[in-house]
Amino acid sequence: MAAAEEERQKHERYLLAHYRTEDDIERDRKEKLNLVKDRIQVGNEQIQFVTKLLTDLETEKARRPQTSAAEQASFDNRANALKNSIKKARDSNSAALTEQAKINAQFDAILKQYREIVQERKAKEK
């Protein structure tokens, strides 16, 4: 039991050393969320760019209806590579959205713990 209490106090000291106010916690949350948001933005831009490349490739293929089997295979291989790139970017964005939810849950818990610690310390001072 003493080890658990010691660990709790250690965690309290850690929180109070890293966060002086609730605003510090929210600022840290915002910084972490902005990093993920930036990754999502880059992913969206990649999806747009690669989708345009795929559209251009398909337009080129349509303009050249009489192609050899080798040319057809080349078009198909490039199209598949572009489709895979789009899928990877979408998967990455999906993972980033999950990460955002985890960050929010983590910081909600930190904020709750911080409030409890501050409230407990104020009660002890009285």
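Just a few scattered comments:
- In the frame of its principal axes, segment 30-95 has Cα extents of 55, 16, 11 Å, reported largest first.
- Using heavy atoms of the protein chains and a probe of 1.4 Å, the accessible area assigned to SER74 is about 50 Å².
- Solvent-accessible heavy-atom area per residue, rounded to whole Å², over the chain at 1.4 Å: 76 Å²
- For ASP24, solvent-accessible area (1.4 Å; no DNA, RNA or ligand), Å²: 40 Å²
- Per-residue ellipticity at 222 nm from helix content only, as computed over the chain with -39500 (n - 2.57) for each DSSP H run of at least four residues, stands at -34000 deg cm²/dmol.
- Among ASN77, ASN93, ASN34, the largest mean-square fluctuation in a Gaussian network model of the chain, built with springs joining Cα atoms closer than 10 Å, belongs to ASN77.
- The lysines whose alpha-carbon is closer than 26 Å to the alpha-carbon of LYS52, local same-chain residues fewer than 8 away aside, are LYS37, LYS61, LYS83, LYS87, LYS88.
- Highest-fluctuation residue, THR51, THR21, THR59 considered, GNM on the chain with Cα pairs under 10 Å: THR59
- Each of ARG64, ARG115 has its accessible area taken with a 1.4 Å probe; listed largest first, they run ARG115, ARG64.
- Once Cα Rg over 2.2 N^0.38 Å is calculated for the structure shown, the corresponding label among (i) 1.63; (ii) 1.86; (iii) 0.99 turns out to be (ii).
- Each of LYS32, LYS112 has its accessible area taken with a 1.4 Å probe; listed largest first, they run LYS112, LYS32.
The values are calculated or read from the model by the stated rules, or taken from the named source; none is laboratory data. A quick note: this is a predicted structure, and the numbers were derived from the prediction, not measured. Each accessible area value is taken on the protein alone, full model and side chains, heavy atoms only, with ligands, DNA and RNA left out. Shrake-Rupley method; radii C 1.70, N 1.55, O 1.52, S 1.80 Å.
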